[in-house]
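Worksheet: the structure to be examined is printed underneath.
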Amino acid sequence: MSKKQATPAFTKHQLVQSQQFSNREKDVLNAILAEETTYTVQQAKEQLTTFLKKEVI
């Protein structure tokens with residue numbers, strides 16, 4: 001039987017320092033993520049996508 005493994009969560013600082021994202025993406029993440037919250041890589045990517053697809057007025 002396999003145990004369900006928890007997906008690792010990271011702080012904003014860890015995600016911004018990660019090589020998972022480009023410099024442009026890191027700048028956006030730095031602006032939109034909350035300091036006191038942890039995010040999975042998938043959640044960070046979803047936040048990034050949502051922000052970048054917003055209509056500019």
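Summary of computed values
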| read-out | value |
| --- | --- |
| Yes/no for F10 being surrounded by 11 or more Cβ atoms within 10 Å (Cβ to Cβ) and under 9 Å from the mean Cα position of the chain (by Cα) | yes |
| Residue list for segment 21-49, restricted to those being farther than 17 Å from P8 by Cβ, in a helix (DSSP H, G or I) and in contact with a helix residue (DSSP H, G or I) (Cβ under 9 Å, 6 or more places away or on another chain) | E25, K26, D27, V28, N30, A31, I32, L48 |
| In segment 42-57, residue farthest from A6 (Cα to Cα) [restricted to those that are of a type in the set (D, E, K, R) and over 11 Å from the mean Cα position of the chain (by Cα)] | E55 |
| Pair list, Cβ under 6 Å, 6 or more apart: segment 23-41 residue touching a residue at least 24 places away in the same chain (Cβ under 8 Å) and under 18 Å from T7 (Cα atoms), other residue β-branched (V, I, T) and in a helix (DSSP H, G or I) | none |
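Every number in this text was worked out from the coordinates using simple rules, so none of it is lab data. Owing to the predicted nature of the structure, the values given are computational and were not obtained by experimental measurement. Note that we place each Cβ from the backbone using ideal geometry, even for glycine, and neighbour counts take in every protein chain shown.
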